[in-house]
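Enquirer: Take this structure, written in structure tokens, and hold onto it; I'll ask about it next.
The values are calculated or read from the model by the stated rules, or taken from the named source; none is laboratory data. For clarity, every value in this text was computed on a predicted model and none was experimentally measured. Cβ placement follows ideal geometry from the backbone for every residue including glycine, while neighbour counts extend to all protein chains displayed. Surface accessibility is based on the protein's heavy atoms, side chains included, excluding ligands, DNA and RNA. Shrake-Rupley method; radii C 1.70, N 1.55, O 1.52, S 1.80 Å.
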Amino acid sequence: LASAGGGANDVQWCFSQVKGAIDDDVAEADIISTVEFNHSGELLATGDKGGRVVIFQQDTENKSLPQCRSEYNVYSTFQSHEPEFDYLKSLEIEEKINKIRWLPQKNAAQFLLSTNDKTIKLWKISERDKRPEGYNLKEEDGRCRDSTTITTLRVPVFRPMDLMVEASPRRVFANAHTYHINSISVNSDNETYLSADDLRVNLWHLEITDRSFNIVDIKPANMEELTEVITAAEFHPHQCNTFVYSSSKGTIRMCDMRASALCDKHSKLFEEPEDPSNRSFFSEIISSISDVKFSHSGRYMMTRDYLSVKIWDLNMENRPVETYQVHEYLRSKLCSLYENDCIFDKFECCWNGNDSVVMTGSYNNFFRMLERTQRRDITLEASRESSKARQVLKPRRVCAGGKRKKDEISVDSLDFNKKILHTAWHPQENIIAVATTNNLYIFQEKVN
Amino acid sequence: MAGAEGDDSLYPIAVLIDELRNEDVQLRLNSIKKLSTIALALGVERTRTELLPFLTDTIYDEDEVLLALAEQLGSFTVLVGGPEYVHCLLPPLESLATVEETVVRDKAVESLRKISQEHSPVDLEVHFEPLVKRLACGDWFTSRTSACGLFSVCYPRVSSTVKAEIRQHFRTLCSDDTPMVRRAAASKLGEFAKVLELDYVKSDIIPLFTALASDEQDSVRLLAVEACVSIATLLPQEDLEALVMPTLRQAAEDKSWRVRYMVADKFSELQKAVGPEITKNDLVPAFQNLLKDCEAEVRAAAANKVKEFCENLPEDSRETIIMTHVLPCVKELVSDTNQHVKSALASVIMGLSTILGKDNTVEHLLPLFLAQLKDECPEVRLNIISNLDCVNEVIGIRQLSQSLLPAIVELAEDAKWRVRLAIIEYMPLLAGQLGVEFFDEKLNSLCMAWLVDHVYAIREAATCNLMKLVEKFGAEWAQNTIVPKVLSMSNDPNYLHRMTTLFCINALSEVCGQEITTKHMLPVVLKMASDQVANVRFNVAKCLQKIGPVLDSSALQAEVKPVLEILATDQDMDVKYFAQEAISVLTLA
């Protein structure tokens, strides 16, 4: 009864838009690899395997009409990274965009960092609505004018023109990562950011490209002794000296950059003791953390492992304050998920604007909303079938075993090729962006 | 200006103007750099009404173009009609002061500061000060950071009501939401304090300084340390204790190593600013703590300041303070775990000997020098060697030779060729410091031994070293000490050593002069032309080409020419080639 209508949170989610091609034939390059709102929520950026960044802008003209308020339209598209080849190591470097992070706005232009496996780039996205007119030696269309007829000098003047959005690369931060970059995070001091790969975390100044400081290095002297890798890293939203990084062993280390220049020694270690009854061959794989995100308040952080989402109070290291099962029904299917490599999927997670709900993805194009105060949760689906304008999303249920009820989906009929790894929540409003393979769905709260 | 018919003189200017919007950045840049030429041709009025509005809108351009533009506008006053119209330059500079690139903004601020001096007091209040206010209240932090650098130039020249407003704006920016602006304000705090009346320094600046120094972001706090220097200089001695010292003490013990690093880095300036009494009571213990800091970066910064700090201690208690407070810490740093710390110390530690005098140096410092000279890190050793001269002055050459030389000799024979190479590079310096007599006695044999080193890089460096030594000690010394040894190598069974002879002659002929070259070197070279190894023969050809210009024409014709002609018919291709090249270069054909 409680879940009638809107479900777990008292928000009713309805379809708003879907971006991307409709046909089933998916080009590899079109697969979305990251989704990120900017700090105001007015812009939404996606990166794909083809190295492109697409930025959508919220339609401001119709903002007064509540039913249309969240229409996002393409604002700018640009090729951020190109495929490269490392001749020294004989390695191809994919153009796939691993992460996008927006910088806090500093002037009329917008700035974002985008990264592939090796190279981070700072992009400026700016508008231009004027262009200069008037030459001395030629006409506006390029025809040369007779230079002997010049009797007076003309100074060009700026005239209004149609709005043009330009994306220009401002900085390229290269050659600092031996392994694959999995995270970038901008510091609250607005002048530095970190980048993390499998074994190291580097600290950069946003204006300096030729050097970075290595602040964490977990590479053992002998690579055969390697037992864990860094899976994600993020700066605290307010404390400029604090950052965390998660590991494949399910631990999260918090470091204080004030204590020393090298942060090899952590100041806090967040780790939940393993339940011995659940121990299996897959324990270590499924405990690997695929994403870590601080809450907007800076009090909590959320981690995602294969089967669950955990919320940690930064003041308590020995266990999470909240644990949510994302798709517990898969625990019995780990063997086949291991065989088809799905067990290594890296699901991300995100907070809503006031930290009361978290969202993360699952298989079969399902995504989960977990409401914190009342511990209620809901499963929704991003699908073409329910993509009529303002159509309310129906909650989905998976039958974990036993007798399948009406409306329930059996675990065996889940499509593991359809997975939602990347989601984003508007920083203030109830608008979410959900990336299925090559489509971006935008859902919003139903307004009555 | 322009006549009725086409005017040829306008053509180059027309090109320049058109290139202001060329697609090629380099051409735009060239045009911007010749902006004064364009302005001159347009005349002051058209510059004001047409060129400047155009430039105000060009902020979409590349950074380098904007940077050049910001710089040009700083010296544009004459071109817009002199000081009376200088305010026309404000709009373009205002828009440049809000761009995201720091270098461009800084240059725009620099130009604004420059032209502020050309404003009359009235214009300053009517045009300039409103611009500062607009920037200070701007929506984006870029404009607010730019404003921080402009307060100090207008403050001294405006009325007291406007002054009050400026102080208010500065206060607001010091507590801005974004750390970028607070950092900009903190970095200009000292400069702004300098132009304020002393009462306001106490009532306004001190609270701001205290607040910034305890900002939640360490990137802001560390900038307050810099401001501390200027503020302390401005205040009378009796106020320092109450107004500045609590903050400074707090900074020296800050939780963040970056703040402590800044204190260490600015220590000499701080020491001068607070005066001898506070130095004795407060800074000495603070300095000891920094030298013992848990973060290596801080220790290294403090170690760098050891000499300067000691030099600037009040004379009456200098020696006691150094001996009882500083030296014990320094002794610990000599065996620090971090090589950057040791190397920083090694670069200044020798300077202590002049301050402490002969007896203390021999007793306390020499053991430290020796320890550092034997350090495992080459950089540490080199820093010691390159400063030997200051110790030489204090304790004299005899003492030095007995204590330090064995360590240097040991390094000269180090198993790592890079270490040997580094020592060779310091030989000319050492030779200069120690004098010819001492050199002959102790180091000469080393220099000759390097010539037959088994690593080519060492032999090459040794050759070059000989040349530098001859430059120091003169041709006569060369003839007596090194030339015979070099020439004797020409009979060595190892062809590599024979070639070294040739390389040495290449390097030495010029510094040794015509007589030595002709009399002693040339015969050896010519003899080697019949060497059985082709590499030696073609190096003879190359050598002859090199020393040819030093020889007189009779020697060239009578001795060099026949040998080269023989070599030019050599059966080896390379020998032929180089012989022919030498013949043509020396024009002996």
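Enquirer: Going down the table (A:LYS121/A:LYS219; B:LYS342/B:LYS374; A:LYS268/A:LYS293; A:LYS219/B:LYS255; B:LYS292/B:LYS331; A:LYS268/A:LYS310), which pairs top 20 Å between alpha carbons? Walk me through the numbers on the way to the answer.
Expert: Numbers: A:LYS121/A:LYS219 25 Å; B:LYS342/B:LYS374 12 Å; A:LYS268/A:LYS293 16 Å; A:LYS219/B:LYS255 28 Å; B:LYS292/B:LYS331 11 Å; A:LYS268/A:LYS310 17 Å.
As for pairs spanning more than 20 Å Cα to Cα, those are A:LYS121/A:LYS219; A:LYS219/B:LYS255.
Enquirer: Return the calculated 222 nm mean residue ellipticity for chain A, to the nearest 500 deg cm²/dmol, obtained by summing -39500 (n - 2.57) across DSSP H runs with n ≥ 4 and dividing by the residue count. Intermediate values should be presented prior to the final figure.
Expert: Values: 2 runs with 11 residues, N = 448.
After summing the helix terms and dividing by residue count, I get -500 deg cm²/dmol.
Enquirer: Averaged over peptide B:208-218, how many Cβ atoms belonging to another chain are found within 10 Å of each residue's Cβ? All intermediate terms of the calculation are to be shown ahead of the outcome.
Expert: Details: counts 0, 0, 0, 0, 0, 0, 0, 0, 5, 8, 6.
Across the residues of B:208-218, the mean count of other-chain Cβ atoms within 10 Å is 2.
Enquirer: Which chymotrypsin sites (Phe, Trp or Tyr not before Pro) in segment A:79-183 sit in a loop by DSSP (not H, G, I, E or B) and have at most 10 other Cβ atoms within 10 Å of their own Cβ? Kindly include the intermediate steps, with their values, before the conclusion.
Expert: On the way: sites: A:PHE85, A:TYR87, A:TRP102, A:PHE111, A:TRP123, A:TYR135, A:PHE158, A:PHE173, A:TYR179; in loops: A:TYR87, A:TYR135, A:TYR179.
Sites meeting the loop and neighbour criteria: A:TYR87.
Enquirer: Let me ask you something else. Reachable lysines from B:LYS472, Cα under 17 Å, same-chain residues fewer than 8 places away excluded?
Expert: Cross-link targets: B:LYS442.
Enquirer: Can you give the relative contact order of segment A:172-300 as a percent, counting alpha carbon pairs under 8 Å and 6+ residues apart? Mind dumping the intermediate values first?
Expert: Details: 256 pairs, mean separation 25.2, N = 129.
It rounds to 20 percent for segment A:172-300.
Enquirer: Follow-up question, since we're still on this one. If you filter segment A:348-448 for trypsin sites (Lys or Arg not before Pro), then keep DSSP loop positions with at most 13 other Cβ within 10 Å, what is left? Write down the numbers at each step before the final one.
Expert: On the way: sites: A:ARG368, A:ARG372, A:ARG375, A:ARG376, A:ARG384, A:LYS388, A:ARG390, A:ARG396, A:ARG397, A:LYS403, A:ARG404, A:LYS405, A:LYS406, A:LYS418, A:LYS419, A:LYS446; in loops: A:ARG372, A:ARG375, A:LYS388, A:ARG390, A:ARG396, A:LYS403, A:ARG404, A:LYS405, A:LYS406, A:LYS418, A:LYS446.
Sparse-neighbourhood loop trypsin sites (Lys or Arg not before Pro): A:ARG375, A:LYS388, A:ARG390, A:LYS403, A:LYS405, A:LYS406.
Enquirer: Give me the inter-chain shielding for A:251-264: mean count of other chain Cβ atoms within 10 Å, whole number please.
Expert: 3
Enquirer: Next question, about the same structure. Would you mind calculating the gained length between B:ASP440 and B:THR354 on full extension (0.36 nm times residue separation, minus the Cα-Cα distance), in nm to one decimal? Walk me through the intermediate numbers first.
Expert: Details: separation 86, 0.36 × 86 = 30.96 nm, distance 2.71 nm.
The B:ASP440-B:THR354 span can extend by a further 28.2 nm.
Enquirer: Quick check: the distance between the Cα centres of segment A:264-341 and segment B:379-433, to the nearest angstrom?
Expert: Spelled out, the Cα-based centre of one part sits 59 Å from the other.
Enquirer: If you don't mind, there's one more thing I want to ask. Within a 10 angstrom radius of each residue's Cβ in A:151-163, how many Cβ atoms of other chains show up on average? Whole number is fine.
Expert: Rounded to a whole number, the mean comes out at 5.
Enquirer: Here is a further query. Please list A:ARG253, A:ARG131 in order of solvent-accessible area, largest first, computed with a 1.4 Å probe with all protein chains present. Could the numbers behind the result be given before it?
Expert: On the way: A:ARG253 40, A:ARG131 100 Å².
These residues rank, largest area first, as A:ARG131, A:ARG253.
Enquirer: Could you give each residue of segment B:89-98 its phi-based ³J(HN,Hα) in whole Hz, using Karplus coefficients 6.51, -1.76, 1.60 with θ = phi - 60°, and x for Gly or Pro?
Expert: 7, 5, x, x, 5, 4, 5, 5, 6, 10
Enquirer: How high is the relative contact order of segment B:474-588? Use alpha-carbon pairs under 8 Å, at least six apart in sequence, and give a whole percent.
Expert: Here the relative contact order equals 23 percent.
Enquirer: What's the center-to-center distance, using Cα atoms, between segment B:150-186 and segment A:206-231 in Å?
Expert: Cα centroid to Cα centroid, the span is 42 Å.
Enquirer: Let me know the longest stretch in chain B that avoids all trypsin sites (Lys or Arg not before Pro) found in a DSSP loop with at most 15 other C-beta atoms within 10 Å.
Expert: B:1-254
Enquirer: At 222 nm, what value in deg cm²/dmol follows for chain B if DSSP H runs of at least 4 each add -39500 (n - 2.57) and the sum is divided by all its residues, to the nearest 500?
Expert: Numbers: 39 runs with 391 residues, N = 589.
Calculated mean residue ellipticity at 222 nm is -19500 deg cm²/dmol.
Enquirer: Something else about it: Do the alpha carbons of any pairs in A:LYS346/A:LYS406; B:LYS163/B:LYS202; A:LYS19/A:LYS96; B:LYS163/B:LYS266 sit beyond 21 Å of each other, and which pairs?
Expert: On the way: A:LYS346/A:LYS406 31 Å; B:LYS163/B:LYS202 16 Å; A:LYS19/A:LYS96 19 Å; B:LYS163/B:LYS266 31 Å.
Going by Cα-Cα distance, A:LYS346/A:LYS406; B:LYS163/B:LYS266 fall outside the 21 Å limit.
Enquirer: A follow-up question, please. Can you tell me the mean projection area, over all orientations, of the convex hull of segment B:474-588's alpha carbons? Units nm², please.
Expert: Details: hull surface 24.7 nm².
Mean orientational projected area (segment B:474-588, Cα hull): 6.2 nm².
Enquirer: Only Cα pairs under 8 Å and at least 6 apart count here; give the relative contact order of chain B as a rounded whole percent. Each step should come with its number before you reach the end.
Expert: Working: 717 pairs, mean separation 29.2, N = 589.
For chain B, the relative contact order is 5 percent.
Enquirer: Return the distance in nm (one decimal) between the two label points of a simple spin-label model at A:ASN315 and A:ARG331, each offset 7 Å from Cα along Cα→Cβ.
Expert: Inter-label distance under the simple model: 3.1 nm.
Enquirer: Which of the GluC sites (Glu not before Pro) found in segment A:73-178 are in a DSSP loop and have at most 13 neighbouring Cβ atoms, other than their own, within 10 Å? Numbers along the way, then the final one.
Expert: Numbers: sites: A:GLU84, A:GLU92, A:GLU94, A:GLU95, A:GLU127, A:GLU133, A:GLU139, A:GLU140, A:GLU166; in loops: A:GLU94, A:GLU95, A:GLU139, A:GLU140.
The qualifying sites are A:GLU139, A:GLU140.
Enquirer: In addition: What's the center-to-center distance, using Cα atoms, between segment B:194-226 and segment B:487-527 in Å?
Expert: Centre-to-centre distance over Cα atoms comes out at 69 Å.
Enquirer: State the number of lysine pairs found in segment B:474-588 whose Cα atoms come within less than 16 Å, restricting to pairs 8 or more positions apart or on distinct chains. Kindly include the intermediate steps, with their values, before the conclusion.
Expert: Details: B:LYS485/B:LYS519; B:LYS519/B:LYS527; B:LYS527/B:LYS542; B:LYS527/B:LYS561; B:LYS542/B:LYS561; B:LYS542/B:LYS576; B:LYS546/B:LYS561; B:LYS561/B:LYS576.
Lysine pair count for segment B:474-588: 8.
Enquirer: Shifting gears a bit: If I take R0 = 30 Å and measure r between the Cβ atoms of B:VAL455 and B:ASN491 in this structure, what FRET efficiency does the formula 1/(1 + (r/R0)^6) give, to the nearest 0.05? Let's see the in-between values first.
Expert: Numbers: r = 23 Å, r/R0 = 0.75.
The pair B:VAL455/B:ASN491 has a calculated efficiency of 0.85.
Enquirer: Here's another thing I want to ask about it. Enter the accessible area of B:ASP572 (Å², nearest 10), with the probe set to 1.4 Å and all protein chains included.
Expert: 40
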